[in-house]
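Here's the structure we're looking at; comments come further down.
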Amino acid sequence: MSEGRELMARLGPSTVKFDTGRGGTPDLTNQDIAAALGMVPAGLGRELLEALWWPDSGRRRSQRLREAVIRLVAPEYVRQQQALSVARTEFGIAKACMGWAGSPVTDAQRTEHRRAEAKLEATRALCWPNNTMEQLGVLAGAIVEEMANSGCCKACQGLRIQGAKDGRGVIECDACGGAGVAPRSGRERATAIGADHSAYRRYWQPVYEWMLEHMRAAESLAARDFNRMLARAA
């Protein structure tokens, strides 16, 4: 069977009748395709599947895609902010304990102060920008556009794997990270979100790549479910 994603284009407006059989085993009808899509579990993957491969439906369901993206990102953002808050509190306590009530500062207190400070800096470095949620629409739009228009990875020809250097088996393609598509440059992504390249690399690259990885994974899982449903209908 052909790639199910491509069949979803038949669900859009058309003056051509695609669901007429050609003899032998009947082709899948538009009703079969729509029914198979309806069996895909609701969530981010299905919303991306429709946004990428059935744009008319994707536009109608844009609110659901927005809600699904928020459900993906918000818990991770909250987790980071909570970790940062804990690290700040621990650093504040360590600082307050040094020379408490005029007593001499001990080596143990200095050690704890340095440890808490290092933890705070490390935690802060891993956190996304404070305005991540405000910029979520811009980020999601750029990522969906990248998913829709990225070309096939030239290194692995879209297979997502490559031969291991030692000649034993295969490994994930280094060039595309196993995505099967050519990654966009940082400059292209910066332009897509309206940031300069240095700001993208310093602030937005971690959140962009995290979202892209999770959104691709969700869409790929939904596509597998869709193909399985189509196979049952064939």
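Which of (1) in contact (Cβ under 8 Å) with a residue 60 or more places away in the chain; (2) crowded, with 18+ Cβ neighbours inside 10 Å does T123 not meet, given it meets every other one?
Of the numbered conditions (1) in contact (Cβ under 8 Å) with a residue 60 or more places away in the chain; (2) crowded, with 18+ Cβ neighbours inside 10 Å, the odd one out for T123 is (1).
Give the residue, chosen from R189, R184, R216, R201, that is farther than 24 Å from R66 by Cβ and either in the same structural domain as R71 (by TED's automatic domain parsing) or of a type outside the set (A, V, I, L, M) (or both). Talk me through it step by step, then tell me what you get.
Numbers: R189 fails: farther than 24 Å from R66 by Cβ; R184 fails: farther than 24 Å from R66 by Cβ; R216 fails: farther than 24 Å from R66 by Cβ.
So the residue among R189, R184, R216, R201 that is farther than 24 Å from R66 by Cβ and either in the same structural domain as R71 (by TED's automatic domain parsing) or of a type outside the set (A, V, I, L, M) (or both) is R201.
Select from the stretch 26-76 the residues that are outside any helix (DSSP H, G or I) and either buried (at least 18 other Cβ atoms within 10 Å of the Cβ) or charged (D, E, K, R) (or both) and list them in ascending order.
Within the stretch 26-76, the subset outside any helix (DSSP H, G or I) is 26-29, 39-43, 54, 61.
Answer for the stretch 26-76, where residues must be outside any helix (DSSP H, G or I) and either buried (at least 18 other Cβ atoms within 10 Å of the Cβ) or charged (D, E, K, R) (or both): D27, L28, V40, W54, R61.
Return the residue satisfying two criteria in turn: it lies in the stretch 77-105 and is within 13 Å of R124 (Cα to Cα) and hydrophobic (A, V, I, L, M, F, W, C), and of such residues it is surrounded by the fewest Cβ atoms within 10 Å (Cβ to Cβ).
V86
Only helices (runs of 4 or more DSSP H) wholly contained in the stretch 90-203 count here; list those with 2 or more residues that are modelled with pLDDT under 95 and within 30 Å of the chain's Cα centre (by Cα).
Per the criteria, 136-149.
Within the stretch 220-229, is there a residue that is under 17 Å from E146 (Cα atoms), at pLDDT below 95 and in a helix (DSSP H, G or I)?
Taking the stretch 220-229 and keeping what is under 17 Å from E146 (Cα atoms), we get 220.
Among the residues that remain, those that are also at pLDDT below 95 are: 220.
So of that shortlist, the ones also in a helix (DSSP H, G or I) come out as 220.
Scanning the stretch 220-229, I find at least one residue that is under 17 Å from E146 (Cα atoms), at pLDDT below 95 and in a helix (DSSP H, G or I), so the answer is yes.
In this structure, does V170 turn out to be out of contact with any Phe, Trp or Tyr (no Cβ under 7 Å at 6 or more places or on another chain) and either touching a residue at least 24 places away in the same chain (Cβ under 8 Å) or at positive phi (or both)?
Considered against the rule, which asks whether it is out of contact with any Phe, Trp or Tyr (no Cβ under 7 Å at 6 or more places or on another chain) and either touching a residue at least 24 places away in the same chain (Cβ under 8 Å) or at positive phi (or both), V170 comes out as no.
Of (1) without any contact (Cβ under 8 Å) to a residue 60 or more places away in the chain; (2) out of contact with any Gly (no Cβ under 9 Å at 6 or more places or on another chain); (3) in the same structural domain as P206 (by TED's automatic domain parsing), C152 satisfies all except one. Which?
Going through (1) without any contact (Cβ under 8 Å) to a residue 60 or more places away in the chain; (2) out of contact with any Gly (no Cβ under 9 Å at 6 or more places or on another chain); (3) in the same structural domain as P206 (by TED's automatic domain parsing) one by one, C152 breaks only (2).
The values are calculated or read from the model by the stated rules, or taken from the named source; none is laboratory data. These numbers were taken from a predicted model, which means no experiment stands behind them. Note: ideal-geometry Cβ built from the backbone for every residue, glycine included; neighbour counts use all protein chains shown.
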